[in-house]
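Trainee: A single structure is presented below for examination.
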Amino acid sequence: MQKMQGNVERVPLALDLVEEGTQLSVEAAGTQRVDGKLPQGVTTRHLYRDVVRIAWPSLVELTLTQLTSMVDLMMVGGLGPVAIAAVGLTTQPKFLLMTMFMAMNVGATALVARNKGAGRRGRANQILRQALLLTFIASAAASVLGYIFAEDMVRFMSSGEPAAVPDATVYLRIQMVGFIPFALTSTITATLRGVGNSRTAMVYNLVANVVNVIANYLLIHGHFGFPRLEVAGASLATIIGQGVAFLMAVYVVLKGENYLHLRLRDGFAPVAADIKSIFNIGLPAMVEQLLMRAGVVVFIRTVASLGTIAFATHNIAMNIQALSFMSGQAFAVSATSLVGQSLGKKRPDMAQAYANHTRRLGLIVALTIATVFFVFGRQVVGLYTDELAIMIEGAAVLRLVALTQPFQSSQFILAGALRGAGDTRATAVITFITVMLVRPGLAILNVNYFGWGLIGAWVALVSDQLLRSLLVVLRYKSGKWKTIRI
């Protein structure tokens, strides 16, 4: 790991080849269009190299993490549709409880990237300590609330799935036991990505995934003398893997062989200015996530009302669709880091160049995924279950998902660029319009009034994705993100 981290630091970015602020100031960027010409000494090859260098470890990490989640659900699928539904009922409550610290991570990533671009290493490390402090407080509160109200939350989500409530409650409570280490790991990962080091997070998350899968095998069905814990075993395996990732992540930042170095002697006393900066970016992101969760909860309850088979099909399709998110999110990591560092160096022209090149690479991957989903949808769903009804309807849903892939990729990547610039308020407004209004509204209409069933719900989801993609592109093209001060 030491050698790998060293390589990340030694290879300069194309951004380092240009002088600070020589082409276009941040202030001027808001009123002028960048002419598209690259600075002297910078080539398209340089830009693609930088994008790929940050994106590929994230792509490997996120994809394998999602594949692990898929394996989890496949193993749980052997217990029957009710078990699949039980795991699905815990997803949104857990995401809701994650909202606070994940939003603050957005602020931490943007600030660390901006400070690295400006050459302020000490301040970047101070942001890391403040972010960890905020995450610890938020995740501790969330874990207690989540444990106490686990049954209430899954009952609220269950709608037409009361049989899944007992298993779902146990699953969620076990997740809450490991919530603080999981949250702190996510903050370390976010700050490492801010400085462009995505390889380190890839390593410790890959190890955690392997541990998770092995523990799944041992605990779900009870192999090699281990107890058969079924759904509870899947949840326990997840937090064991997350615990391993936490220990490795802490070791990395404590050792100090990275740009980020967590020195415990520096302490974790609150610094008002830093907390304010994190909140200025993080609060709009938190509002965005809360709005998204509220809209998704209404959406999920609408789907759950369709019955066990439909809800199991939906959970499988969502699990598969999440795999397609990984490529967009991986390239978004590049966009966030490179845009933030470019603006920290007062190079809005380079920020735009990085964002555009990242978007092009993401489109190629998205088209590949779309082809797989459209052509082999039934076979992919068949990996989870042998229920014919689920396989047929799941394949139809994946064909809809395939149509959104190019737009979804642009949305993730450009939203990542906006967050790297600190432009989180715009994405919060966009989320309110699409996820809070369009998706649940259309789902209720399509399911309850038109009687389109699960396909109607997914038509609503696709409509949300398409509109959100359009609005994110329009915001990016406005160029207002180049003038934001953080």
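The values are calculated or read from the model by the stated rules, or taken from the named source; none is laboratory data. Please read all numbers here as calculations on a predicted model, not as lab measurements. Don't worry about glycine lacking a Cβ; one is built from the backbone with ideal geometry, like all the others, and counts go over all protein chains shown.
Trainee: Among the residues of region 249-290, how many are over 26 Å from THR200 (Cβ atoms), assigned to a loop (DSSP other than H, G, I, E, B) and without any contact (Cβ under 8 Å) to a residue 60 or more places away in the chain?
Mentor: Of the residues in region 249-290, 1 are over 26 Å from THR200 (Cβ atoms), assigned to a loop (DSSP other than H, G, I, E, B) and without any contact (Cβ under 8 Å) to a residue 60 or more places away in the chain.
Trainee: Among the residues of region 359-367, are any among the small types (Gly, Ala, Ser) and crowded, with 22+ Cβ neighbours inside 10 Å?
Mentor: Yes: one or more hits.
Trainee: Determine whether region 453-465 contains at least one residue that is outside any helix (DSSP H, G or I), of a type in the set (A, V, I, L, M, F, W, C) and over 24 Å from the mean Cα position of the chain (by Cα).
Mentor: No, there is no match, as no residue in region 453-465 is outside any helix (DSSP H, G or I), of a type in the set (A, V, I, L, M, F, W, C) and over 24 Å from the mean Cα position of the chain (by Cα).
Trainee: Same structure again: Considering only residues that are part of a helix (DSSP H, G or I) and surrounded by fewer than 23 Cβ atoms within 10 Å (Cβ to Cβ), which ones fall in region 469-480?
Mentor: Residues satisfying the conditions are SER469, LEU470, LEU471, VAL473, LEU474, ARG475, LYS477, SER478, LYS480.
Trainee: Within region 105-136, take every residue that is farther than 13 Å from GLY194 by Cβ and either assigned to a loop (DSSP other than H, G, I, E, B) or of a type in the set (Ser, Thr, Tyr) (or both) and give me the one that is modelled with the highest pLDDT.
Mentor: Once the filter is applied, the top-ranked residue is THR135.
Trainee: Taking only region 42-91 into account, find how many residues are assigned to a helix (DSSP H, G or I) and either at positive phi or among the β-branched types (Val, Ile, Thr) (or both).
Mentor: Number of matching residues: 15.
Trainee: Taking the condition of being of a type in the set (Ser, Thr, Tyr) and surrounded by 14 or more Cβ atoms within 10 Å (Cβ to Cβ), how many residues in region 39-54 meet it? Please lay out each step first, then the result.
Mentor: The initial filter retains those residues of region 39-54 that are of a type in the set (Ser, Thr, Tyr), namely 43-44, 48.
Now narrow it down to the ones that are surrounded by 14 or more Cβ atoms within 10 Å (Cβ to Cβ): 48.
Here the count works out to 1.
Condition check ((1) buried (at least 24 other Cβ atoms within 10 Å of the Cβ); (2) of a type outside the set (Lys, Arg)) across all residues:
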{"site": "ALA370", "(1), (2)": "no, yes"}
{"site": "ARG378", "(1), (2)": "no, no"}
{"site": "THR385", "(1), (2)": "no, yes"}
{"site": "THR427", "(1), (2)": "yes, yes"}
{"site": "GLY441", "(1), (2)": "no, yes"}
{"site": "ILE455", "(1), (2)": "no, yes"}
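Trainee: Of all residues being buried (at least 17 other Cβ atoms within 10 Å of the Cβ) and among the charged types (D, E, K, R) in region 124-167, which is nearest to THR99 (Cα to Cα)? Just the residue, please.
Mentor: Only one residue tops the list, namely ARG129.
Trainee: Now for a different question. Quick test for you: out of ASN125, ASN115, pick the one residue that is farther than 23 Å from LEU418 by Cβ and in contact (Cβ under 8 Å) with a residue 40 or more places away in the chain.
Mentor: Sole residue among the options that is farther than 23 Å from LEU418 by Cβ and in contact (Cβ under 8 Å) with a residue 40 or more places away in the chain: ASN125.
Trainee: Let me ask something additional. Quick check on GLU9: is it surrounded by 13 or more Cβ atoms within 10 Å (Cβ to Cβ) and either under 23 Å from PHE331 (Cα atoms) or modelled with pLDDT under 75 (or both)?
Mentor: So GLU9 passes the test.
Trainee: If I ask for residues that are surrounded by fewer than 21 Cβ atoms within 10 Å (Cβ to Cβ) and among the aliphatic types (A, V, I, L, M), which ones from region 76-95 would you list?
Mentor: LEU79, VAL82
Trainee: While we're here: When you scan region 186-211, how many residues do you find that are part of a helix (DSSP H, G or I), of a type in the set (S, T, N, Q) and at pLDDT below 90?
Mentor: In the first step, residues of region 186-211 are kept if they are part of a helix (DSSP H, G or I); the result is 186-194, 199-211.
Going one step further and asking which of them are of a type in the set (S, T, N, Q), we end up with 186-187, 189, 191, 200, 205, 209.
Retained after the next criterion (residues that are at pLDDT below 90): 200, 205, 209.
So the answer is 3.
Trainee: For region 163-205, which residues satisfy the criterion of being more than 27 Å from GLN92 (Cβ to Cβ) and of a type in the set (A, V, I, L, M, F, W, C)?
Mentor: Scanning region 163-205 gives LEU192, VAL195, MET202, VAL203.
Trainee: Please determine whether any residue of region 164-180 is over 21 Å from SER139 (Cβ atoms), out of contact with any Ser or Thr (no Cβ under 7 Å at 6 or more places or on another chain) and in a helix (DSSP H, G or I).
Mentor: yes
Trainee: Report, by residue number, each residue of region 232-289 that is acidic (Asp, Glu) and within 30 Å of ALA86 (Cα to Cα).
Mentor: Answer for region 232-289, where residues must be acidic (Asp, Glu) and within 30 Å of ALA86 (Cα to Cα): just GLU288.
Trainee: Sticking with this one: I need the full set of residues from region 263-287 which are among the aliphatic types (A, V, I, L, M) and crowded, with 20+ Cβ neighbours inside 10 Å, in order please.
Mentor: Matches in region 263-287: ILE278, ILE281, ALA285, MET286.
Trainee: Continuing with the same structure: Could you check how many residues of region 192-244 are farther than 22 Å from GLN66 by Cβ and among the hydroxyl-bearing types (Ser, Thr, Tyr)?
Mentor: Number of matching residues: 0.
Trainee: Quick one: is GLY441 outside any helix (DSSP H, G or I) and either more than 17 Å from VAL298 (Cβ to Cβ) or touching a helix residue (DSSP H, G or I) at 6+ places or on another chain (Cβ under 9 Å) (or both)?
Mentor: The answer is no for GLY441.
Trainee: PHE412: aromatic (Phe, Trp, Tyr), modelled with pLDDT under 90 and either touching an Asp or Glu at 6+ places or on another chain (Cβ under 9 Å) or under 29 Å from THR191 (Cα atoms) (or both), yes or no?
Mentor: Working: aromatic (Phe, Trp, Tyr): yes; modelled with pLDDT under 90: no; either touching an Asp or Glu at 6+ places or on another chain (Cβ under 9 Å) or under 29 Å from THR191 (Cα atoms) (or both): yes.
Here the answer is no, as PHE412 does not meet what is asked.
Trainee: Next question, about the same structure. If I go through region 371-395 residue by residue, how many of them are in contact (Cβ under 8 Å) with a residue 40 or more places away in the chain, of a type in the set (A, V, I, L, M) and in a helix (DSSP H, G or I)?
Mentor: Within region 371-395, residues that are in contact (Cβ under 8 Å) with a residue 40 or more places away in the chain, of a type in the set (A, V, I, L, M) and in a helix (DSSP H, G or I) number 4.
Trainee: Quick check on LEU398: is it crowded, with 18+ Cβ neighbours inside 10 Å, out of contact with any Lys or Arg (no Cβ under 6 Å at 6 or more places or on another chain), closer than 20 Å to ALA355 by Cβ and in contact (Cβ under 8 Å) with a residue 40 or more places away in the chain?
Mentor: no
Trainee: Tally up the residues in region 63-100 that are under 19 Å from VAL381 (Cβ atoms), among the hydroxyl-bearing types (Ser, Thr, Tyr) and in contact with a helix residue (DSSP H, G or I) (Cβ under 6 Å, 6 or more places away or on another chain), please.
Mentor: Final tally of qualifying residues: 2.
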